[in-house]
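Reading through the structure tokens given below for one structure.
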Amino acid sequence: MPPPLQAQRLLLSHRRLPSSHRRRFTAVSSLPSAPAKTVAAGQAPSSILSIRESLLSGERTAAEITADYLSRLRRTEPSVRSFIHVADAAAEREAEELDRRIATEGQDAVGPLAGVLVGVKDNLCTANMPSTGGSRILDGYRPAYDATAVRRLREAGAIVVGKTNLDEFGMGSTTEGSGFQVTTNPWDDSRVPGGSSGGSASAVSARQCVVSLGSDTGGSVRQPASFCGVVGLKPTYGRVSRFGLMAYASSLDVVGCFGSSVVDTATILSVIAGHDKMDSTSSSHDVSDYKSELVPLDLLESKPLNGMRIGIIQETLGEGVETGVISSIKDAASHLEQLGSVVEEVSLPSFSLGLPAYYILALSEASSNLSRYDGIVYRYGRQVSASDLNELYGGSRANGLGHEVKMRILMGTYALSAGYYDAYYKRAQQVRTLVKESFKEALERYDILVSPAAPSAAYKIGEKINDPLAMYAGDIMTVNVNLAGLPALVVPCGFVEGGSTGLPVGLQMIGSPFSEGNLLRLGHIFEQTLQNYSFVPPLLAES
């Protein structure tokens, strides 16, 4: 019989509960929070729109814009360490070529992302550029092709400035698990930026690039977005092609994006979304021009959310969630009510079971996906000379893979092994179905569900590295969305005490499949009307 692991007990003890309990939301303003940052309400600036206008008007050249970003990157990178590889020379060449094209062929010759510098998470393949997945086992690997999302950005005129740091193969929540370096949080360089897409989030927060790509298997876009005070979008499963994304858990992996505003995030999604013949799981669902659907502040009605029903997930505001985070989320919910929506608490009975089910499924898939890095054929992975199989694996996998990845491979292999499959993997799949049903029922009553993106703000580097269970528990807010394949948007909504100026908190908005447009519209209204906050890290304010 399997040992009595906590995950198994949680899964085996599940039973169907009565239909979700609902109650009217009441804001609690007495909980402690950080002092507000004073700024007038107004449309959050779109860096992409600003760059395009300055390019086409002749006010600035692509070379000048690129030089500004590269200067900031060089100045901040020694402390932030967002990038594993910076392609500064290539970026300068592409910017100069763009200027020549505008001069000779006119404005119509450039794409919608002309001159926009993009950071790409290093588990997305980029031609003629290192793609390591944050792992030493792929050190020096250069793919011959771009991932579909990267190719579409390039075709739209974007300039890839470099590859951002991550937890090895996306397995982590702090970016401390990288095989190369530890990325820091621009709000406080003694704290983590989140993970696994911590490099992509910190790069946008520090304005080292305009926007960035990440991947989200269990919250790897949304949690770093919350920690770094930026906008992060996890699309519906299948909305964006996974071709060229190094597989962690194939039924959960999604390519997502970061921006300093909802407008920029919407613009990127419109470019990278859509069916791809290279990915059989990509959807042929129509892709909107998400940016054009966003309503600017001066055209908003006094109650722009009138008639919208929003459910705040009750299980995300209880034990284990910092009081400052709860206060920020409830203040955000109160703001949504002031905009005309009806906000009620809603219970998702299977919510707490998502975490153990997620880790069983994700690790099981990882144990299969990562078997390709065997060191035998130099397709990818470290190749060594050996006289027998043990020596071969010792020189390749044992030396090339980090501790966390090895542990997850072993746990996943155990869950799939003979005699344990039904107790773990099969049971977790059954719980996954319950999670999907729970979300479906809730989203039939509510237009949007909201919750914190993480139970805390960014914590200290090293604080949880020796306590993997505590680190895994931090994913409780996000993994259920991946199990259900739903889209979710994180927007900054407030601050808690910490660092020199406070630490940002993100509000997670969850929608029905392929409702990214609705999420972006709501996030844009929220972002424009939120008063008394400015999400610019002290790293930039000082410079």
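Structure data summary
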read-out: Residue list for the range 268-295, filter: more than 16 Å from the chain's Cα centre (by Cα) and assigned to a helix (DSSP H, G or I); value: S270, V271, Y290, K291, S292, E293
read-out: Residue identified as under 17 Å from A247 (Cα atoms), among the acidic types (D, E) and surrounded by fewer than 24 Cβ atoms within 10 Å (Cβ to Cβ) among D146, D167; value: D146
read-out: From S396, S438, residue being open to solvent by less than 20 Å² (accessible area, probe 1.4 Å), part of a helix (DSSP H, G or I) and at pLDDT below 95; value: S396
read-out: Of residues in the range 417-432 being open to solvent by 70 Å² or more (accessible area, probe 1.4 Å) and touching a Leu at 6+ places or on another chain (Cβ under 9 Å), the one farthest from L522 (Cα to Cα); value: R427
read-out: Output for the range 441-456, where each listed residue is part of a helix (DSSP H, G or I), touching a residue at least 60 places away in the same chain (Cβ under 8 Å) and open to solvent by 10 Å² or more (accessible area, probe 1.4 Å); value: E441, L443, R445
read-out: Residues satisfying the stated conditions in the range 51-89, i.e. assigned to a helix (DSSP H, G or I), without any contact (Cβ under 8 Å) to a residue 40 or more places away in the chain and of a type outside the set (S, T, N, Q); value: E53, A63, E64, A67, D68, R74, P78, A89
read-out: Residue that is open to solvent by 40 Å² or more (accessible area, probe 1.4 Å) and touching a strand residue (DSSP E or B) at 6+ places or on another chain (Cβ under 9 Å), where the choices are V287, V321, V231, V295; value: V287
read-out: Flag for T501 being among the polar types (S, T, N, Q), open to solvent by 10 Å² or more (accessible area, probe 1.4 Å) and either on the phi > 0 side of the Ramachandran plot or in contact with a His (Cβ under 9 Å, 6 or more places away or on another chain) (or both); value: no
read-out: Enumeration of residues in the range 130-143 that are open to solvent by 10 Å² or more (accessible area, probe 1.4 Å) and in contact (Cβ under 8 Å) with a residue 12 or more places away in the chain; value: P130, R136, D139, Y141, R142
read-out: Residue match in the range 349-358 (condition: closer than 30 Å to Y446 by Cα, part of a loop (DSSP other than H, G, I, E, B), open to solvent by less than 50 Å² (accessible area, probe 1.4 Å) and touching a helix residue (DSSP H, G or I) at 6+ places or on another chain (Cβ under 7 Å)); value: yes
read-out: Hey, E301 touching a residue at least 60 places away in the same chain (Cβ under 8 Å) and over 25 Å from V505 (Cα atoms) or not; value: no
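The values are calculated or read from the model by the stated rules, or taken from the named source; none is laboratory data. Remember, it's a predicted structure, so these values are computed and weren't measured experimentally. Cβ coordinates were reconstructed from backbone atoms using ideal geometry, including for glycine residues, and neighbour counts include every protein chain displayed. SASA here: full protein model, heavy atoms, side chains in, ligands and nucleic acids out. Shrake-Rupley method; radii C 1.70, N 1.55, O 1.52, S 1.80 Å.
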